[in-house]
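Accompanying notes for the structure given below.
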Amino acid sequence: MNDERITLGQARRWRDENEQLREREAALERELELLRGKVESFEKMAQALAAAKREEPEPATFSRVSALIVLLLGGGLGLHRFYVGDGLRGAVLLLSFAAALLTDGLWTVPHIVLYAIDGLWLLFFDKRGRW
């Protein structure tokens, strides 16, 4: 019968252990709430990233044949580059053409070289520079 009795010391130890467990449980609950908040913010970032990827426009599609026709008709002015959606290269070719006119032909050879390289680039590569 003495084995079934709980001593005052045991009861206090159990009470202290119980309080420690409750404090640890509360601390874990707080950590869990922080982690849930972080997960929610990561989910929002992932959704925003997915939305941004959906909104990213695809590169303009163009017919190589029609681009080459524009190259032959107005390539010296860089019109073919504007047609395929590459305005920066088009502006460079337009400035190169203007330089050829303004320098009384001194810039003609470099302009022809740029024109030929750009024509080959258009013929063999797509807008992203791939074969």
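The values are calculated or read from the model by the stated rules, or taken from the named source; none is laboratory data. The structure displayed is predicted, hence computed values, not measured ones. Please note: Cβ atoms are built from the backbone with ideal geometry, for glycine as well, and neighbour counts cover all protein chains shown.
Counting only helices (runs of 4 or more DSSP H) wholly contained in region 15-121, no element carries 2 or more residues that are among the basic types (Lys, Arg), loosely packed, with under 13 Cβ neighbours inside 10 Å and modelled with pLDDT of 80 or more.
Looking only at region 90-128, residues that are without any contact (Cβ under 8 Å) to a residue 40 or more places away in the chain, under 19 Å from LEU72 (Cβ atoms) and more than 27 Å from the chain's Cα centre (by Cα) come to 13 in all.
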